[in-house]
Amino acid sequence: MSRKIVTNLDLNKNQIQNAVIQPLAAAPASPADYQIYANSTDGIIYQWDPKLSPAAWRPVGAVYNQAGTTGAVVVGLDKKGGVATKKVVELTLTDYTPVEGGYVAAGDTVQKAIAALDAAVKNAVAGGGEVNQNAFSGVKVPQQSENAETEVAGQGAAATIEAGAKTDAFTIASGDKWTHVNADTKSKTVNIGHAFSGVAVGTYGAADKVPAVTVDSAGHVTGVEEKTITPAAIGADQSGAAAAVLGKDTDSAAAATVYGAKKAAAAAQAAAEAAAETAGGKVASVGATENKGIAIEGTATAPTVGIKLDPKEGNAASLSEAGLLVEVPAAAEYTIAKLTAAQDGYLASYQLQKDGNGVGAVINIPKDYLVKDVAIKDSTGEADPSGFPAGTKYIDFTVNTYTDPQTPSESHIYLNVQDIAVAYTAGDGIDISAENKISVKVVAANGLSVGADGVKMALATQTDGGAMSAADKKKLDGVEDGATANTITLNGTQTKTPSFYAPADGGAAGQILVAGGDKKAPTWQDMPEKFHKYTAANAAIAAAGGAFTWTITAEAHGIQNPAMLAQVYEAATGAQVLADVAVSQTNYDVTVTINDTDGAGTLEANTCRVVLFG
């Protein structure tokens, strides 16, 4: 919703940020001086300029939109942004100082000047000249000595080539055998060639060879050959030649050659390493271990090692020429023999014998029942060998019996399990499984549990039952009789220690509580005066001094307070109207002033509406 501002708006030098200039496809009618708008067709902001003659719209700032012209330059701009152009060749030479005797004068166009230069160059070329040629300049060729023995004679006289002359080629004759001397007529470069000397192309010289060079009187190399370096060639003693001193890799260690000395050194090195290894393996010293039967005597460099004998009586060890001797007497023969006839009442009798003679007590084997097998069985009834009623659980012992040592027999012993065990049945809180495992029943919902350590009870929680802790018991004992479990909710949060701030007295009738702030108690105060609202539309108002003035008396609006709010808006559209509003501080009359921006002279009735709050 747009709002009309009918008075000047002073921003007090503040910025207008994020503003948009009103876009229009055509310029507004009846514009005010310096009014602006944005043309949505060409995208340019225009301003109504009353200083133009006649006044007209012109682009804001330097805005140029001249169609391009090939080869043209800008030569003028007008106040409306118009652009004047000219072709480059139509530009005139201003402040130009012509060359003496030249063809171009000040004031000529660029086209005329270029034509004059073009004609001058054309005439110079036609007359045999070369414009801007890279001519040889200041080239000096000194005189050279002549030699009758050479193929080419030397330069007879000194010559200097200057740029004043048209020079495309010149000849240089210098020294011996200079050939292929000429000048390139285009690039003006000089190529000088040297006659081949006749020497073969290649590399001369090696580790045992040197090049022998032949040079003529002009200093030219005319021949190269390789010469082998030998003791004879250089006059050296053959016996001291490198080959004789070096020898061969097959030379023995006794040969007086480098290879012989190398083998002798290698043999010496191996012997030294072997000697060092042998020396490193020798025993540094020998010592006797305490009470281990070894005696160390002799000297440090020649120790002797012997065996110590304990002089205690009965020691069978002795020393002979062959070494340590221990004589052991012949051992007696011990056996365990079964007696031919067992002693009375026993199955068999045994005795320890030494060398075939009985020694010690006789060992008797009684006629005991020896258990061969044990099984737990259930009686099948009358046919069962146990003779127990059907379903009776019993133990079947299979035993070996002997009435004669040579004639074993087998018999059974039946034992009723009920005769040796007490049958148990499950009771309250006790469970007996099929495997006779006894366990305690617990109710987990009451916090009970059972484990390897026994039965235990967890502490009760708000959701699960259990034991009561000492702290909970102490807290419960502290609850007074008749107390309830209700909680206090303060500002939506449950709290057990709320803080309340109440007024010190009861106040007067009609008063209300007003917060004291900063945790202070509220106070009783009178009810504040009610707000009043007043609204009215304007009557027809004639402009005076360029503005419409509208006064609303305090008697009309009924607000007896200078502190009030006022709003003025268009009655038809609801758009806010900016206006000056003044409230009298003595009689509370309200005066509304609206600028007459359109110069209509009269504000029609019910155009604007005012709303007062106070």
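The values are calculated or read from the model by the stated rules, or taken from the named source; none is laboratory data. These numbers come from a predicted model, not from an experiment. Virtual Cβ from ideal backbone geometry, glycine too; neighbours counted across all protein chains shown. Each accessible area value is taken on the protein alone, full model and side chains, heavy atoms only, with ligands, DNA and RNA left out. Shrake-Rupley method; radii C 1.70, N 1.55, O 1.52, S 1.80 Å.
If the condition is being surrounded by 12 or more Cβ atoms within 10 Å (Cβ to Cβ) and either touching a Pro at 6+ places or on another chain (Cβ under 6 Å) or under 16 Å from Phe548 (Cα atoms) (or both), then segment 589-600 contributes Val590, Thr591, Val592, Thr593, Ile594, Asn595, Asp596, Thr597. Taking segment 414-428 as the range and being open to solvent by less than 60 Å² (accessible area, probe 1.4 Å) and modelled with pLDDT under 75 as the test, only Ala421 passes. Filtered by the rule that a residue be loosely packed, with under 12 Cβ neighbours inside 10 Å and more than 60 Å from the chain's Cα centre (by Cα), segment 513-528 gives Asp526, Met527, Pro528.
Within segment 94-105, residues that are over 18 Å from Asp118 (Cβ atoms) have Cβ atoms under 7 Å from residues that are among the aromatic types (Phe, Trp, Tyr) in no pair, counting only partners at least 6 apart in sequence or on another chain.
Restricting the first member to segment 580-597 and to residues that are free of Cβ contacts under 8 Å to residues at least 12 places away in the same chain, and the second to residues that are assigned to a strand (DSSP E or B), the beta-carbon pairs closer than 7 Å and six or more apart or on different chains are Ala582/Thr591. Considering (1) loosely packed, with under 12 Cβ neighbours inside 10 Å; (2) at pLDDT 80 or above, the lone condition that Asn65 does not fulfil carries the number (2).
Do you know which residues across segment 523-543 are in contact with a His (Cβ under 9 Å, 6 or more places away or on another chain) and of a type in the set (Gly, Ala, Ser)? Passing the criteria: only Ala536. If Ile44 satisfies every condition in (1) at pLDDT 80 or above; (2) surrounded by fewer than 13 Cβ atoms within 10 Å (Cβ to Cβ) but one, which is the exception? Single failed check for Ile44: (2). Taking segment 4-30 as the range and being open to solvent by less than 100 Å² (accessible area, probe 1.4 Å) and either within 19 Å of Leu578 (Cβ to Cβ) or of a type in the set (A, V, I, L, M) (or both) as the test, the residues that pass are Ile5, Val6, Thr7, Leu11, Ala19, Ile21, Leu24, Ala25, Ala26, Ala27, Ala29.
Is it fair to say Asn436 is under 30 Å from Phe397 (Cβ atoms) and modelled with pLDDT under 80?
Numbers: under 30 Å from Phe397 (Cβ atoms): yes; modelled with pLDDT under 80: yes.
Taking the combined requirement at face value, the residue satisfies it.
Pairing each residue of segment 14-34 that is modelled with pLDDT of 90 or more with any residue that is among the small types (Gly, Ala, Ser) and assigned to a loop (DSSP other than H, G, I, E, B), provided the two are 6+ apart or on different chains, yields C-beta distances under 7 Å for Pro23/Ser40; Leu24/Ser40; Ala25/Ser40.
Applying the set (1) modelled with pLDDT of 75 or more; (2) surrounded by 10 or more Cβ atoms within 10 Å (Cβ to Cβ); (3) in a loop (DSSP other than H, G, I, E, B) to Asn315 leaves exactly one unmet item: (1).
Mind telling me which of the residues Gln576, Gln567 ends up being closer than 30 Å to Pro31 by Cα and touching a Lys or Arg at 6+ places or on another chain (Cβ under 7 Å)? Walk me through how you get there before you give the answer.
Values: Gln567 fails: touching a Lys or Arg at 6+ places or on another chain (Cβ under 7 Å).
After applying the criteria, what remains is Gln576.
Number of residues in segment 486-512 that are surrounded by 10 or more Cβ atoms within 10 Å (Cβ to Cβ) and within 29 Å of Asp526 (Cβ to Cβ): the value is 6. Scanning segment 375-402 for residues that are free of Cβ contacts under 8 Å to residues at least 12 places away in the same chain and open to solvent by 60 Å² or more (accessible area, probe 1.4 Å) turns up Thr380, Glu382, Ala383, Pro389, Ala390. For Asp419, the requirement of being under 30 Å from Pro389 (Cβ atoms) and part of a strand (DSSP E or B) is not met.
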